Amino acid sequence: MSATGIGASVRRVEDIRFITGRGRYTDDINQPGQVYAVFLRSPYARAHILAVDRSAAMDVDGVLAVLTGREMAADGIGDLPCGWLIKSKDGTDMRQPPHPPLAVERVNYVGEPYGVVIANTLAAAREGADAVMTEFEELEAVVSVSAATRSAQIHDNVPANRSYLWELGDKAATDAAFARAAHVTKLEITNNRLIPNAIEPRAAIGVYEPSTESFTLYTTSQNPHLARLVLSAFVKLAPEHKLRIVAPDVGGGFGSKIFIYPEETTVAWAARRLGRAVKWTGDRSEAFLADAHGRDHVTQAELALDAGGHFLGLRVKTIANLGAYLSTFASSVPTILYGTLLAGQYRTPAIYVEVDGVFTNTAPVDAYRGAGRPEATYVVERIVETAARELAIDPTELRRRNFIQPTDFPYQTPVALMYDIGDYEASLNKALRLIDYAGFPARRAASHARDRKRGIGFSCYIEACGLAPSKLATALGAGVGLYESGEVRVNPTGSVTVFTGSHSHGQGHETTFAQIVSDRLGIPMENVEIVHGDTGRIEFGLGTYGSRSVAVGGSALMKATDKVIAKGKKIAAHMLESESDNIDFDTGVFSVRASNRSLTFGEVAFAAYVPSNYPLDLEPGLSEKAFYDPTNFTFPAGAHIAEVEIDPETGVVVVVNFVAVDDFGKVINPMIVEGQVHGGIAQGIGQALLEHGIYDETGQLITGSYMDYCMPRADDLPSFIVDTTVTACTHNPLGVKGCGEAGAIGAPAAIMNAVTDAIGIKDVVMPATPERVWRACRGE
Amino acid sequence: MNVALTVNGEARALDVAPNTLLVEVLRNHLGLTGTHVGCDTSQCGACTVHLNGDAVKACTVLAVQADGAQITTIEGIGTPEDLHPMQAAFRECHALQCGFCTPGMIMSAIDLVKNSPNLDENAVRHGLEGNICRCTGYHNIVRAVLAAATQMGSRVS
């Protein structure tokens, strides 16, 4: 392995600009003559818009326009679509309410935009927005997810506020498994609503060029090509070839920047209408109100076991809160990305899940780090741990008894997925060593001696990543293919510019992808430049989410790189008077097999662009594109173990140890992978102990700032012990699985299993705040 | 109102509205976009700069309050060729991912180390609780600050 090759912890290329303040985020960009947008947002969770009086706003010095959904509709701007069609168990299509970017007659969540004020300065736009007088007729809000189907109907075309009632698995076989069970464990659990909170708020600048009737939209997107596709095909902003989307440095996403939102759409439209560049930078309060939220499930689960502690069946009924509208991928999260993961790491022969997807008068809910898989893991790993306690079997032993074994792969689960490879016991064993499980009783006794409660909790998670095989995904309702594209452009002097449809918003693509290409080509990493985030420069792409970047985007680059090498062999064969089958390529050198005749990569690149001594039947140039469509999902899996200490007098939970052993397949850059795991664990601990998006009964968000929504801070978290095991993915050329979401998927169940173990109670609702824990310790 | 500042060693004279924030002056008037805005309640710390040598949240300081002050931003502590030890440690320890909180985190960390002759993990974690990072889980930030503290002359345990 070279110092920068695959497997090396290369320090990141992108860091120099970030640590010196030279990053270029959307709000850092300014356009000549730009004007500023401030959105008019609903103060009510559900209301009719009766009248919008703009006169006072238009009198504010500097205000250029007050626009509402009516003008937008009149200009032919279409609704924001949901890209994944889910069918109910009765075969009918999910119900999708109209979702205009700016509300026209009704508003359905606090913070929903219904208009925009545009002014020469941000201050004037704010003053103008304050001066708009809007008359609302407030209606009764639907807030409770459990009561949504029995509440007032929010959308005219959605009876009972139900988008779908979806099912997966064999109900009869599962019921039969319960009929013969020796033991049934039941658990009712809540997966708390989370607000993503990338530290860079969303922002956008719309630019319209009348001479070419074309748009450029600078925006905080995880997937600029998808934004272009949706804005063209559905929103009807402009034909695709007249739209350029640039997502420059993006300050975190965690899913929340996948979606096509009202604000980005509006500034592009307004730029054409006003003939000026229009800039909007969201503030944190807007992010809380109007970024898509995550999770928010209420679930009843039952696990059937035989007398030997073997799982016979799992039955799950979930109500999933979709919020007020279907966001871009909202429908798939509590279904395709949730129900399919309920087998976990276990040979449970029969599984049946039913999901009630309901609308409420709250912000739309969509993918947030893990997206469905944390929810599935929470169900499986909480109920397995609960069963172990009920049966008085060590929770690690119960898991071992039911693990899918290495010899079982490929393994077809009863919930649609085919796992390709894994070794779950290897991860668990390593994690147990790292946390010193054998020493836990002594540590617990020491805690008790100090009047503290100590608990340990396990979470053996699995996730489906590397989204996704297009044929399978589209058969399951996806409106887009989920391949990735890449281009490896060798410049005449032998340096390489790489274009990827994947997008980095913290993951470090400029480093990892350069490692992949430079390793393959045997050239210095500094000779490779990674370009991403601009539809004007990159042919196509599906972006970054679902831990897919290296597994899908990296594989596309491998394919393109191999095409470059294949063409290089033809050029070299001609120049070396041999046949391309007789040319070897190794560490940047083309050579005739069993000879001393060779050419460097740079010499071949130069010949491709100065084709004097060159094959007649070969085009000049050395630049190759590839699309990679995976043949299966990848299945990262691992064992997370948490150890907590609780002060029963205060209810404060301290995470004293956290071990994560993950099998991500082969690893390109271990340093970056560890960083991804750290961040995921922090978000998982945040969900378990701190974070909760709360609406009151009238639909007001009462956790709408960092004063109220408890973000994990440095002093809330421990240092983590992170390690890996490796079973290489069997179906992509890099053998990689994906690492971005594992921490957020595995950690919540580990923490809550530890908290409940410490207290000696079946469940504490997440987040396990000091008040809840204090009450639980008192038996309340 | 007229405001005179020394920013990263350079004298700057500005005419600003009285309600202009220091962070707006830095980003919008002076083009120093390394200082970021991540919230509107003085909680996230992405806008942290040094005012007369002390870390402040530039979203909570009026430009006129800074009249006559020495301001140092992330652009003023080192260059790609000559990094501040804290900048170097952040890169070496992979203490940043998306980079958005990073300038504020580095400016806070420098202030913390400067005012802490003795540092350990716990002190770093408490010292940085005014800066929110959503990417790293803080693990590598803590490592970086302790590594830089050694370089900067603090005693680390």
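The values are calculated or read from the model by the stated rules, or taken from the named source; none is laboratory data. Fair warning: this is a prediction, and the values are worked out from it, not measured in the lab. Quick reminder, even Gly has a Cβ in these numbers, built from the backbone with ideal geometry, and neighbours come from all protein chains shown.
Quick one: in region A:606-635, which of the residues that are out of contact with any strand residue (DSSP E or B) (no Cβ under 7 Å at 6 or more places or on another chain) and hydroxyl-bearing (Ser, Thr, Tyr) is nearest to A:Val552 (Cα to Cα)?
A:Thr631
Please indicate, with yes or no, whether at least one residue in region A:335-345 is crowded, with 24+ Cβ neighbours inside 10 Å, part of a loop (DSSP other than H, G, I, E, B), at positive phi and touching a residue at least 40 places away in the same chain (Cβ under 8 Å).
yes
Would you point out the residue of region A:250-285, among those that are touching a helix residue (DSSP H, G or I) at 6+ places or on another chain (Cβ under 9 Å) and among the charged types (D, E, K, R), that is farthest from A:Ile205 (Cα to Cα)?
Once the filter is applied, the top-ranked residue is A:Arg273.
Is it fair to say A:Asp296 is within 25 Å of B:Ser42 (Cα to Cα) and of a type outside the set (S, T, N, Q)?
Numbers: within 25 Å of B:Ser42 (Cα to Cα): no; of a type outside the set (S, T, N, Q): yes.
No: the conditions fail for A:Asp296.
Exactly one condition in (1) surrounded by 21 or more Cβ atoms within 10 Å (Cβ to Cβ); (2) away from chain B (no Cβ under 13 Å); (3) aromatic (Phe, Trp, Tyr) is false for A:Phe658; which is it?
Status for A:Phe658: all satisfied but (2).
Go through region A:599-641 and count every residue that is at positive phi and over 41 Å from the mean Cα position of the chain (by Cα).
0
Would you point out the residue of region A:107-129, among those that are hydroxyl-bearing (Ser, Thr, Tyr) and buried (at least 22 other Cβ atoms within 10 Å of the Cβ), that is nearest to A:Val66 (Cα to Cα)?
If we filter region A:107-129 for residues that are hydroxyl-bearing (Ser, Thr, Tyr), which is where we start, we get A:109, A:114, A:121.
Checking the rest, the ones that are also buried (at least 22 other Cβ atoms within 10 Å of the Cβ) come to A:109, A:114.
Values: A:Tyr109: 21, A:Tyr114: 11 Å.
Of everything passing the filter in region A:107-129, A:Tyr114 is nearest to A:Val66 (Cα to Cα).
Looking at region B:72-92, which of its residues are facing chain A (nearest Cβ under 9 Å), farther than 18 Å from B:Gly45 by Cα and part of a loop (DSSP other than H, G, I, E, B)?
B:Gly78, B:Thr79, B:Pro80, B:Leu83, B:His84, listed by residue number.
Among the listed residues A:Glu603, A:Glu649, identify the single one that is out of contact with any strand residue (DSSP E or B) (no Cβ under 8 Å at 6 or more places or on another chain), over 30 Å from A:Ile751 (Cα atoms) and at pLDDT 95 or above. Explain how you work it out, then say what you get.
Details: A:Glu649 fails: over 30 Å from A:Ile751 (Cα atoms).
Of the residues listed, the single one that is out of contact with any strand residue (DSSP E or B) (no Cβ under 8 Å at 6 or more places or on another chain), over 30 Å from A:Ile751 (Cα atoms) and at pLDDT 95 or above is A:Glu603.
Counting only residues that are under 15 Å from A:Arg41 (Cβ atoms) and either in a strand (DSSP E or B) or of a type outside the set (D, E, K, R) (or both), how many does region A:282-305 have? Break it down stepwise before answering.
Quick first cut of region A:282-305, residues under 15 Å from A:Arg41 (Cβ atoms) only: A:282-291.
Checking which are either in a strand (DSSP E or B) or of a type outside the set (D, E, K, R) (or both) leaves us with A:282, A:285, A:287-290.
Residues flagged as under 15 Å from A:Arg41 (Cβ atoms) and either in a strand (DSSP E or B) or of a type outside the set (D, E, K, R) (or both) within region A:282-305 amount to 6.
Does at least one position in region A:700-718 carry a residue that is in contact with a Lys or Arg (Cβ under 7 Å, 6 or more places away or on another chain), surrounded by fewer than 24 Cβ atoms within 10 Å (Cβ to Cβ) and not hydroxyl-bearing (Ser, Thr, Tyr)?
yes
Which ranges mark the strands (runs of 3 or more DSSP E) fully within region A:630-744 that have 1 or more residues being more than 30 Å from A:Glu397 (Cβ to Cβ) and touching a residue at least 12 places away in the same chain (Cβ under 8 Å)? Quick ask: steps written out before the conclusion?
On the way: elements: A:637-647, A:652-663, A:721-725.
So the answer is A:637-647, A:652-663.
State which residue is nearest to A:Val63 (Cα to Cα) when the search covers only region A:126-166 and only residues that are in a helix (DSSP H, G or I) and of a type in the set (Asp, Glu). Write out each step before concluding.
Initially, region A:126-166 is screened for residues in a helix (DSSP H, G or I), giving A:126-131, A:148-150, A:159-161.
Cutting the leftovers down to of a type in the set (Asp, Glu) gives us A:127, A:130.
Details: A:Glu127: 9, A:Asp130: 12 Å.
So the residue we want is A:Glu127.
Condition check: in contact with a Lys or Arg (Cβ under 9 Å, 6 or more places away or on another chain) and in contact (Cβ under 8 Å) with a residue 60 or more places away in the chain. Does A:Ile118 satisfy that? Outline the logic, then answer.
Working: in contact with a Lys or Arg (Cβ under 9 Å, 6 or more places away or on another chain): yes; in contact (Cβ under 8 Å) with a residue 60 or more places away in the chain: yes.
Yes; evaluated as a whole, the condition is true for this residue.
Test A:Val654 against the criterion of being under 25 Å from A:Arg444 (Cβ atoms) and hydrophobic (A, V, I, L, M, F, W, C), and give yes or no. If you could, list the steps in order and put the result at the bottom.
Details: under 25 Å from A:Arg444 (Cβ atoms): yes; hydrophobic (A, V, I, L, M, F, W, C): yes.
Against the criterion (under 25 Å from A:Arg444 (Cβ atoms) and hydrophobic (A, V, I, L, M, F, W, C)), A:Val654 qualifies.
Here's a check for you: in region A:407-430, which residue that is in a helix (DSSP H, G or I) and free of Cβ contacts under 8 Å to residues at least 60 places away in the same chain is surrounded by the most Cβ atoms within 10 Å (Cβ to Cβ)?
Going through region A:407-430, the residues in a helix (DSSP H, G or I) turn out to be A:407-408, A:424-430.
If we keep only those that are free of Cβ contacts under 8 Å to residues at least 60 places away in the same chain as well, we get A:407, A:425, A:429.
On the way: A:Thr407: 6, A:Glu425: 19, A:Asn429: 17.
This residue is A:Glu425.
Given the conditions (1) closer than 23 Å to A:Ala639 by Cβ; (2) in contact with a strand residue (DSSP E or B) (Cβ under 7 Å, 6 or more places away or on another chain), and given that A:Ala744 satisfies all but one, which numbered condition is not satisfied?
Every condition holds for A:Ala744 apart from (2).
Count, please, the residues in region A:11-33 that happen to be within 24 Å of A:Asn120 (Cβ to Cβ), within 8 Å of another protein chain (Cβ to nearest Cβ) and not hydroxyl-bearing (Ser, Thr, Tyr). Quick ask: steps written out before the conclusion?
Initial filter on region A:11-33 (within 24 Å of A:Asn120 (Cβ to Cβ)): A:25-33.
Cutting the leftovers down to within 8 Å of another protein chain (Cβ to nearest Cβ) gives us A:25, A:27-28.
Restricting the remaining residues to those that are not hydroxyl-bearing (Ser, Thr, Tyr) gives A:27-28.
Going through region A:11-33 one residue at a time, the tally reaches 2.
Go through (1) outside any loop (DSSP other than H, G, I, E, B); (2) under 17 Å from B:Val145 (Cβ atoms) for B:Gln97 and report which single condition fails.
(1)
Please find, within region A:222-266, the residue that is nearest to the chain's Cα centre (by Cα) out of those that are hydroxyl-bearing (Ser, Thr, Tyr) and not in a loop (DSSP other than H, G, I, E, B).
From region A:222-266, those hydroxyl-bearing (Ser, Thr, Tyr) are A:232, A:256, A:261, A:265-266; that's our starting set.
Pick out the ones that are also not in a loop (DSSP other than H, G, I, E, B) and you get A:232, A:265-266.
Numbers: A:Ser232: 23, A:Thr265: 21, A:Thr266: 24 Å.
Only one residue fits best here, namely A:Thr265.
For region B:99-157, how many residues meet the condition of being of a type in the set (Lys, Arg) and facing chain A (nearest Cβ under 9 Å)? Let's see the steps before the verdict.
Keep residues of region B:99-157 that are of a type in the set (Lys, Arg), which gives B:114, B:125, B:134, B:143, B:155.
Filter once more, keeping what is facing chain A (nearest Cβ under 9 Å): B:125, B:134, B:143.
Residues that pass the stated criteria total 3.
Quick one: in region A:401-419, of everything that is aliphatic (A, V, I, L, M) and closer than 15 Å to A:Ala637 by Cα, which residue is farthest from the chain's Cα centre (by Cα)? Don't jump to the end; show me each part of the working.
Let us first name the residues in region A:401-419 that are aliphatic (A, V, I, L, M), namely A:404, A:415-418.
Next, from what is left, pick out any that are closer than 15 Å to A:Ala637 by Cα: A:404, A:417-418.
Numbers: A:Ile404: 27, A:Leu417: 19, A:Met418: 22 Å.
Going through the qualifying residues, I end up with A:Ile404.
Can you find even one residue in region A:206-222 that is within 14 Å of chain B (Cβ to nearest Cβ) and among the hydrophobic types (A, V, I, L, M, F, W, C)?
Taking every residue of region A:206-222 in turn, none turns out to be within 14 Å of chain B (Cβ to nearest Cβ) and among the hydrophobic types (A, V, I, L, M, F, W, C).
Hey, could you check region A:686-721 for residues that are at the interface with chain B (Cβ under 8 Å from one of its Cβ atoms) and farther than 15 Å from B:Gly130 by Cα and say which is nearest to the chain's Cα centre (by Cα)?
Out of the qualifying residues, it is A:Phe720.
For the condition buried (at least 20 other Cβ atoms within 10 Å of the Cβ) and of a type in the set (Gly, Ala, Ser), what is the one hit in A:Gly21, A:Gly62? If you could, list the steps in order and put the result at the bottom.
Details: A:Gly62 fails: buried (at least 20 other Cβ atoms within 10 Å of the Cβ).
Testing whether each residue is buried (at least 20 other Cβ atoms within 10 Å of the Cβ) and of a type in the set (Gly, Ala, Ser) leaves just A:Gly21.
Which one is nearest to A:Val498 (Cα to Cα), of the residues in region A:599-627 that are buried (at least 16 other Cβ atoms within 10 Å of the Cβ) and small (Gly, Ala, Ser)?
Here the answer is A:Ser623.
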